[in-house]
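Peer 1: Sharing a structure with you now.
The values are calculated or read from the model by the stated rules, or taken from the named source; none is laboratory data. No experiment lies behind these values; they were computed from the predicted model shown. Reconstructed Cβ throughout: ideal geometry from the backbone, glycine too, with neighbour counts over all protein chains shown. The area values use the complete protein model at the heavy-atom level, side chains included, leaving out ligands, DNA and RNA. Shrake-Rupley method; radii C 1.70, N 1.55, O 1.52, S 1.80 Å.
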Amino acid sequence: MAERVSPEALRFRCPDEWIPTTTSEGIPAAAGIVGQERGVRALEFGLAMDSPGFNVFVTGLVGTGKMTAVELHLRRLCQGGPRPEDLCYVFNFQQPERPKLLRLPAGGGAVLRERLGEVVRQLASWLPALLSSAEVQRLLEERLEDLEQRRTQLLRRFEAQVQEAGFSLVQVQVGAVTHPEILAMVEGRPVSMERLQRLAEEGKFPKAEADRLAELHQRLLAELQQVVNQVLAIGGEMQEKALELRRAIVQPRLHQALGAIAQQVADPRVEAYLREVEEDILAHLQDFVEGSPSEETLIRYAVNLLVDHSQTVGRPVVVETDPSLANLLGTVEARLLDGGHPTTDHTRIRAGSLVRANGGFLVLNAMDVLTEPGAWPALKRALRHQKVVIRPRETLFALSGQALQPEPVELSVKVVMLGDRGLFDALWELDEEFGKIFKVLADFDRDTPLGQREVEDFLRVMAKIVREEGLPHLDREGMKALVEEGVRLGGPRRRLSARFSDVADILREAGYLARQQGSPLVGAGHIAAAMAARRTRFALPEEKLLQFMLDQLLVVHTEGWAVGQVNGLAVYDLGYFAFGLPGRVTARVSLGTEGVVNVEREARLSGRTHDKGVLILTGFLRGSFILHHPLSMHASIAFEQSYAGVEGDSASSAEVYAILSALSGLPLRQDLAVTGSVDQLGNVQAIGGVNPKIEGFFALCQARGLTGTQGVIIPKANVPDLHLSPEVVEAVHAGRFHVYAVSHVAEGLELLTGVPAGVLDASGRYLGDTVFGRCQARLEAMAEALRRFRR
């Protein structure tokens with residue numbers, strides 16, 4: 001027999017003792033993830049595992065606060081951990097296109113960068129003055145005196161040889177360049193060999209003498225080349241000795257300054273690099289002597305502090321909200337030369353989030369990674385090989401022609417990626433590498449068990465939001481009302497929603513209303529007003545459809561009786577808003593062998609689950625009535641004025657009632673609406689969306705005027721899920737609306753027809769004055785008619 005559901009069972013009411021304080025001001029703020037023990041245990045396991053591939057994929061619906069909660073949980077977990085090393089890129093003096101990577105203790109990178117930069121700046125400042133001082137010049141002259149004398153004597157001997165041969169050694173200037181020239185002396189004046197040949201040809205100078213001088217000139221030119229080569233060699237020796245002197249003067253000071261840096265960094269890995277810096281500076285002292293060093297010279301000794309952990313406390317936690325390929329792996333930027341030509345160097349290497357999180361944790365959104373071109377394959381490569389290769393953008397290489405190849409960064413990072421369960425399942429099935437690099441699933445539920453401890457955790461999360469955003473605190477009734485809304489969002493009545501962002505939005509709107517009204521605290525009235533305002537903003541489609549029913553454009557009866565017609569209940573889910581409304585389900589029966597014909601399926605407007613429900617319905621009819629003869633019936637069922645498609649099996653009980661009414665000829669009450677799934681044994685099973693379905697039919701009845709007989713029939717299994725609006729509860733309490741619960745088709749049939757459903761006797765028959773007896777008689781009559789027709 002159908003049970004009338006009491007008003008007390010229609011809505012969850014938060015017990016007063018579950019609220020620990022009079023206002024939320026006395027509730028401590030949540031410090032981590034609450035209500036997700038399964039997910040937290042899996043997360044902590046994955047974070048503690050040091051083996052390769054034990055990265056964590058966190059699933060759960062949007063709004064459970066995964067990103068924020070995971071970040072907070074990680075930061076608390078990492079506070080006592082060791083700080084990772086600093087990462088620096090420095091110039092490679094042997095292979096400039098392959099910058100070297102230095103790993104130094106946390107803080108050491110900043111010391112190296114600042115101190116080395118200071119040494120180079122000071123060197124450029126005091127070195128020119130030092131090397132041009134009188135004392136250094138005196139030492140230089142002493143070092144070069146022997147070579148200078150050798151050069152002078154060499155030139156003087158050659159000049160005397162030239163004069164003795166009747167020639168003169170002169171310096172000829174061509175533009176900005178001067179070079180030595182040997183000229184013949186004719187009548188005490190220097191004459192070039194070309195002019196001398198012309199005079200001989202004109203008969204103004206003896207031909208034989210001209211030829212003798214020409215031959216002698218060639219020998220002198222050869223000797224001049226030898227003298228020039230010797231002078232150049234002596235000049236080279238002089239430059240080398242000058243450089244040796246400068247190195248001898250600079251090296252002790254430079255070595256002392258660089259040694260102080262090595263001592264301050266206190267890591268043997270920096271010593272080899274500083275030795276290379278010392279050798280390179282001594283080899284390029286001339287760049288510091290001739291005015292200010294060029295930018296290219298200074299870049300050779302610049303330290304690119306890729307990742308600085310000097311201020312890091314514990315292990316780093318990096319949340320990457322824009323995981324593009326460059327942001328994930330890093331990149332090499334360009335710089336423009338004076339002519340506008342792009343170039344690059346080791347100081348332009350930039351770290352990505354993988355490198356910044358090295359030694360700690362990186363939090364990513366899975367969908368963001370998958371939708372960024374190239375990001376997912378690059379992430380898999382980095383985690384699989386445990387190294388990151390930072391590359392310049394292809395456009396930079398195309399413009400500059402440079403292919404900088406920084407030394408790869410060895411990775412030791414734990415990646416926590418967030419997505420929904422469907423995405424996890426799809427990646428596991430379609431990407432064979434996914435399961436090898438994300439071995440831990442931390443599955444966050446959309447709701448939590450409902451109990452006093454869970455409510456207190458829930459309120460701590462709300463208290464945290466109140467404090468962080470400066471919202472008004474809640475009073476006791478306000479906290480109870482917010483918990484009740486959390487239960488409604490949680491779905492089943494025994495569960496509490498873990499979609500804290502959705503509940504927080506209610507809190508924010510209620511806080512806004514409280515401030516508008518000048519109230520220092522948020523009360524139950526503010527929560528109710530916020531929910532009503534939110535519903536009003538989204539409810540235009542619902543109001544339009546309801547008005548169509550009131551105007552009889554959509555025909556739904558709420559009074560009277562009808563054969564083969566019953567009010568079903570459906571939920572319209574728009575994603576951002578869901579509401580329920582009734583709809584007519586009709587059935588017509590005639591002689592035939594087709595069985596039950598689903599009009600929606602024939603019109604391709606039904607989904608697979610609905611089609612399955614119709615087939616199960618057919619099984620129920622066969623098992624209940626067709627014991628000794630074939631099913632000789634053609635029954636068509638339809639959702640009237642439904643054109644957008646039907647899915648789900650929650651209307652199968654309504655379809656059963658409509659068919660049995662059409663078979664028996666008994667009318668059904670139109671002031672009742674029904675919902676429920678039916679199995680082949682006639683049991684009525686639980687369905688989803690029970691609350692909006694009831695409220696939808698109530699809204700139509702209320703708009704037309706409550707008669708006191710109207711109500712809904714729901715599965716008994718859904719009674720614990722009920723959390724109806726106060727308006728519906730009040731109407732039920734006043735006897736103006738009713739909610740009935742059934743566990744079998746027979747119970748609902750008796751309520752709808754007012755006639756006993758019937759019980760099968762030992763002979764396999766139902767009494768004739770019952771609903772099932774009338775149906776059995778009708779089916780037998782149709783079977784006999786079909787047999788005679790076939791004859």
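Peer 1: Would you confirm whether any residue within the stretch 668-679 is out of contact with any Ser or Thr (no Cβ under 8 Å at 6 or more places or on another chain), in a helix (DSSP H, G or I) and open to solvent by 20 Å² or more (accessible area, probe 1.4 Å)?
Peer 2: Within the stretch 668-679, not a single residue is out of contact with any Ser or Thr (no Cβ under 8 Å at 6 or more places or on another chain), in a helix (DSSP H, G or I) and open to solvent by 20 Å² or more (accessible area, probe 1.4 Å).
Peer 1: Can you say whether residue 481 is open to solvent by 50 Å² or more (accessible area, probe 1.4 Å) and small (Gly, Ala, Ser), as far as the supplied structure shows?
Peer 2: Values: open to solvent by 50 Å² or more (accessible area, probe 1.4 Å): no; small (Gly, Ala, Ser): yes.
Taking the combined requirement at face value, the residue does not satisfy it.
Peer 1: Given the conditions (1) surrounded by 19 or more Cβ atoms within 10 Å (Cβ to Cβ); (2) closer than 19 Å to residue 437 by Cα, report the number of the one that residue 345 does not fulfil.
Peer 2: (2)
Peer 1: Just give me the residues in the stretch 316-352 being under 14 Å from the mean Cα position of the chain (by Cα) and among the acidic types (Asp, Glu), in sequence order.
Peer 2: 320, 322
Peer 1: Quick check on residue 586: is it more than 41 Å from the chain's Cα centre (by Cα), in a helix (DSSP H, G or I) and either at pLDDT 85 or above or not aliphatic (A, V, I, L, M) (or both)?
Peer 2: Details: more than 41 Å from the chain's Cα centre (by Cα): yes; in a helix (DSSP H, G or I): no; either at pLDDT 85 or above or not aliphatic (A, V, I, L, M) (or both): yes.
Here the answer is no, as residue 586 does not meet what is asked.
Peer 1: Going through the stretch 564-583 one residue at a time, which ones are crowded, with 18+ Cβ neighbours inside 10 Å and not in a loop (DSSP other than H, G, I, E, B)?
Peer 2: Looking only at the stretch 564-583, we keep the residues that are crowded, with 18+ Cβ neighbours inside 10 Å, and these are 564-571, 579-583.
Of everything in the stretch 564-583, those that are crowded, with 18+ Cβ neighbours inside 10 Å and not in a loop (DSSP other than H, G, I, E, B) turn out to be 565, 566, 567, 568, 569, 570, 571, 579, 580, 581, 582, 583.
Peer 1: Same structure, new question: Can you tell me which of (1) touching a Ser or Thr at 6+ places or on another chain (Cβ under 8 Å); (2) under 24 Å from residue 638 (Cβ atoms); (3) surrounded by fewer than 24 Cβ atoms within 10 Å (Cβ to Cβ) is the one residue 712 doesn't meet?
Peer 2: Among (1) touching a Ser or Thr at 6+ places or on another chain (Cβ under 8 Å); (2) under 24 Å from residue 638 (Cβ atoms); (3) surrounded by fewer than 24 Cβ atoms within 10 Å (Cβ to Cβ), the lone unmet condition for residue 712 is (3).
Results for (1) within 23 Å of the chain's Cα centre (by Cα); (2) in contact (Cβ under 8 Å) with a residue 12 or more places away in the chain; (3) open to solvent by 10 Å² or more (accessible area, probe 1.4 Å), shown as yes or no for each residue.
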| residue | (1), (2), (3) |
| --- | --- |
| 405 | no, yes, yes |
| 422 | yes, no, yes |
| 426 | yes, no, yes |
| 454 | no, yes, yes |
| 457 | no, yes, yes |
| 474 | no, yes, no |
| 485 | no, yes, yes |
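Peer 1: Does at least one position in the stretch 68-86 carry a residue that is in a loop (DSSP other than H, G, I, E, B) and free of Cβ contacts under 8 Å to residues at least 60 places away in the same chain? Steps first, please.
Peer 2: Kept after step one, since they are in a loop (DSSP other than H, G, I, E, B), are these residues of the stretch 68-86: 79-85.
Add one more test, that the residue is free of Cβ contacts under 8 Å to residues at least 60 places away in the same chain, and what stays is none.
Checked the stretch 68-86: no residue is in a loop (DSSP other than H, G, I, E, B) and free of Cβ contacts under 8 Å to residues at least 60 places away in the same chain.
Peer 1: Would you call residue 745 within 22 Å of residue 535 (Cβ to Cβ) and of a type outside the set (Asp, Glu)? Walk me through how you get there before you give the answer.
Peer 2: Details: within 22 Å of residue 535 (Cβ to Cβ): no; of a type outside the set (Asp, Glu): yes.
Taking the combined requirement at face value, the residue does not satisfy it.
Peer 1: Also, I was wondering about something else. Scan 519, 501 and give me the residue that is open to solvent by less than 40 Å² (accessible area, probe 1.4 Å) and either hydroxyl-bearing (Ser, Thr, Tyr) or modelled with pLDDT of 95 or more (or both). Full working, then the answer.
Peer 2: On the way: 501 fails: open to solvent by less than 40 Å² (accessible area, probe 1.4 Å).
Sole residue among the options that is open to solvent by less than 40 Å² (accessible area, probe 1.4 Å) and either hydroxyl-bearing (Ser, Thr, Tyr) or modelled with pLDDT of 95 or more (or both): 519.
Peer 1: Just checking, how many residues over the stretch 497-539 are of a type in the set (A, V, I, L, M), under 23 Å from residue 468 (Cα atoms) and outside any helix (DSSP H, G or I)?
Peer 2: Count: 3.
Peer 1: Here is a follow-up. Residue by residue through the stretch 22-44, note down the ones that are crowded, with 16+ Cβ neighbours inside 10 Å, β-branched (Val, Ile, Thr) and in a loop (DSSP other than H, G, I, E, B).
Peer 2: Matches in the stretch 22-44: 27, 33, 34.
Peer 1: Hey, can you tell me all the residues within the stretch 397-456 that are touching a Ser or Thr at 6+ places or on another chain (Cβ under 9 Å) and of a type in the set (Ser, Thr, Tyr)?
Peer 2: 400, 448
Peer 1: When both residues are 6+ apart or on different chains and their Cβ atoms are under 9 Å apart, which pairs have a first residue that lies in the stretch 752-764 and is farther than 19 Å from residue 560 by Cα and open to solvent by 80 Å² or more (accessible area, probe 1.4 Å), and a second that is part of a loop (DSSP other than H, G, I, E, B) and among the polar types (S, T, N, Q)?
Peer 2: Qualifying pairs under 9 Å: 759/770.
Peer 1: For the subset of the stretch 373-393 comprising residues that are of a type in the set (Lys, Arg) and either open to solvent by less than 60 Å² (accessible area, probe 1.4 Å) or assigned to a helix (DSSP H, G or I) (or both), which member is farthest from residue 334 (Cα to Cα)?
Peer 2: Filtering first and then ranking leaves 384.
Peer 1: Also, quick follow-up: Any chance the stretch 718-725 includes a residue that's more than 47 Å from the chain's Cα centre (by Cα), polar (S, T, N, Q) and open to solvent by 20 Å² or more (accessible area, probe 1.4 Å)?
Peer 2: The initial filter retains those residues of the stretch 718-725 that are more than 47 Å from the chain's Cα centre (by Cα), namely none.
Looking through the stretch 718-725, none of the residues is more than 47 Å from the chain's Cα centre (by Cα), polar (S, T, N, Q) and open to solvent by 20 Å² or more (accessible area, probe 1.4 Å).
Peer 1: Kindly evaluate residue 593 against the criterion of being among the β-branched types (Val, Ile, Thr) and either in a strand (DSSP E or B) or modelled with pLDDT of 90 or more (or both).
Peer 2: On the way: among the β-branched types (Val, Ile, Thr): yes; either in a strand (DSSP E or B) or modelled with pLDDT of 90 or more (or both): no.
No.
Peer 1: Can I ask one more? Against the conditions (1) more than 25 Å from residue 60 (Cα to Cα); (2) free of Cβ contacts under 8 Å to residues at least 40 places away in the same chain, where does residue 534 fall short? Just the number, please.
Peer 2: Checking residue 534 against (1) more than 25 Å from residue 60 (Cα to Cα); (2) free of Cβ contacts under 8 Å to residues at least 40 places away in the same chain, the one that fails is (1).
Peer 1: Restricting the search to the stretch 726-739, which residues are open to solvent by 20 Å² or more (accessible area, probe 1.4 Å) and not in a helix (DSSP H, G or I)?
Peer 2: Here is the first cut: in the stretch 726-739, the ones open to solvent by 20 Å² or more (accessible area, probe 1.4 Å) are 726-727, 730, 733-736, 738.
734, 735, 736, 738 - these are the residues of the stretch 726-739 that are open to solvent by 20 Å² or more (accessible area, probe 1.4 Å) and not in a helix (DSSP H, G or I).
Peer 1: In addition: Which of the residues belonging to the stretch 8-21 are buried (at least 19 other Cβ atoms within 10 Å of the Cβ) and assigned to a helix (DSSP H, G or I)?
Peer 2: Across the stretch 8-21, there are no qualifying residues.
Peer 1: Next up: Just to be sure before I move on: is residue 658 open to solvent by less than 20 Å² (accessible area, probe 1.4 Å), modelled with pLDDT of 90 or more, part of a helix (DSSP H, G or I) and of a type outside the set (Val, Ile, Thr) in the structure I sent? Walk me through it before giving the result.
Peer 2: Details: open to solvent by less than 20 Å² (accessible area, probe 1.4 Å): yes; modelled with pLDDT of 90 or more: yes; part of a helix (DSSP H, G or I): yes; of a type outside the set (Val, Ile, Thr): yes.
Here the answer is yes, as residue 658 does meet what is asked.
Peer 1: How many of the residues making up the stretch 355-369 are of a type outside the set (D, E, K, R) and surrounded by fewer than 18 Cβ atoms within 10 Å (Cβ to Cβ)? I'd like the intermediate steps shown before the answer.
Peer 2: As a first pass, look at the stretch 355-369 and keep what is of a type outside the set (D, E, K, R): 355, 357-367, 369.
Within this subset, residues satisfying the condition of being surrounded by fewer than 18 Cβ atoms within 10 Å (Cβ to Cβ) are 367.
Residues meeting the conditions: 1.
Peer 1: Restricting to the stretch 258-301, name every residue that is under 15 Å from residue 93 (Cα atoms), modelled with pLDDT under 90 and of a type in the set (Asp, Glu).
Peer 2: Those that are under 15 Å from residue 93 (Cα atoms), modelled with pLDDT under 90 and of a type in the set (Asp, Glu): 278, 279, 280, 296.
Peer 1: Taking the stretch 537-552 on its own, how many of its residues are in contact (Cβ under 8 Å) with a residue 24 or more places away in the chain and open to solvent by 90 Å² or more (accessible area, probe 1.4 Å)? Lay out the reasoning, then the answer.
Peer 2: Just the residues of the stretch 537-552 that are in contact (Cβ under 8 Å) with a residue 24 or more places away in the chain, to begin with: 538-539, 541-542, 545-546, 549-550.
Applying the additional criterion that residues be open to solvent by 90 Å² or more (accessible area, probe 1.4 Å) yields none.
Residues flagged as in contact (Cβ under 8 Å) with a residue 24 or more places away in the chain and open to solvent by 90 Å² or more (accessible area, probe 1.4 Å) within the stretch 537-552 amount to 0.
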